[in-house]
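Read the figures in this text as sums done on the coordinates, not as results from a lab. It should be emphasised that the depicted structure is a prediction, and the values quoted were computed from it without experimental measurement. Heads up, the Cβs are rebuilt from the backbone with ideal geometry, glycines too, and the neighbour counts pull from every protein chain shown.
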């Protein structure tokens, strides 16, 4: 999947098919290969990735497309896309993603529920977003970091295309409340630790000012 993120880095439009994908998880999740040997863990065990039983448990919980449901995964910058996307994928720091979560909740009235594996991000941002038709919060995994250059301060967030307007409306509601904003407003309550004589002196001056 890292080839898809040249759209984020360079502003390119990229189509990824079976022959372009060299990640076994991506091949399975995107439905580019039959799922039998991935689902039962046998191909992963043969490759030396882990025990068959453990891999089967992982595969069972992954969101995935049916085999041959799609031929290509197409990624493009939103302002350059010449097609209507299935979903929008955004990266940001924790405060920015929190604002998107707040916007999604205020716009749709539903809390977000994303399984977290610490990897296999394509399952959450592509398959789960489209199959559930719901926003998702994604922690970057190994592939996202090693190959797609996702940084330590970044999280990802997806919005199904048909719910984008609802999320934008939710963001606006939160902003107008004065609480949900980015950068996040901070409230400092600080009394200067001055000698008590200073406080008495200030009181005298203020009382004098009121009499004038």
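Here are some notes:
- A residue that is over 25 Å from residue 13 (Cα atoms), without any contact (Cβ under 8 Å) to a residue 40 or more places away in the chain and surrounded by fewer than 16 Cβ atoms within 10 Å (Cβ to Cβ) cannot be found anywhere in the range 153-166.
- In the set (1) over 20 Å from residue 74 (Cβ atoms); (2) free of Cβ contacts under 8 Å to residues at least 40 places away in the same chain; (3) out of contact with any strand residue (DSSP E or B) (no Cβ under 9 Å at 6 or more places or on another chain); (4) surrounded by 11 or more Cβ atoms within 10 Å (Cβ to Cβ), residue 139 fails one condition alone, (3).
- Some residue of the range 37-57 being in contact with a helix residue (DSSP H, G or I) (Cβ under 9 Å, 6 or more places away or on another chain) and under 16 Å from residue 124 (Cβ atoms): no
- In the range 113-145, the residues that are part of a loop (DSSP other than H, G, I, E, B) and either within 21 Å of residue 24 (Cβ to Cβ) or in contact with a helix residue (DSSP H, G or I) (Cβ under 6 Å, 6 or more places away or on another chain) (or both): 114, 115, 116, 117, 118, 119, 120, 135, 139, 140, 141
- Near pairs, Cβ below 9 angstrom, 6+ apart or cross-chain, from the range 32-52 (in contact (Cβ under 8 Å) with a residue 12 or more places away in the chain and on the phi > 0 side of the Ramachandran plot) to any residue that is loosely packed, with under 14 Cβ neighbours inside 10 Å and outside any loop (DSSP other than H, G, I, E, B): 41/53; 41/54; 41/57
- Residue among 175, 180 that alone is over 19 Å from the mean Cα position of the chain (by Cα) and surrounded by 15 or more Cβ atoms within 10 Å (Cβ to Cβ): 175
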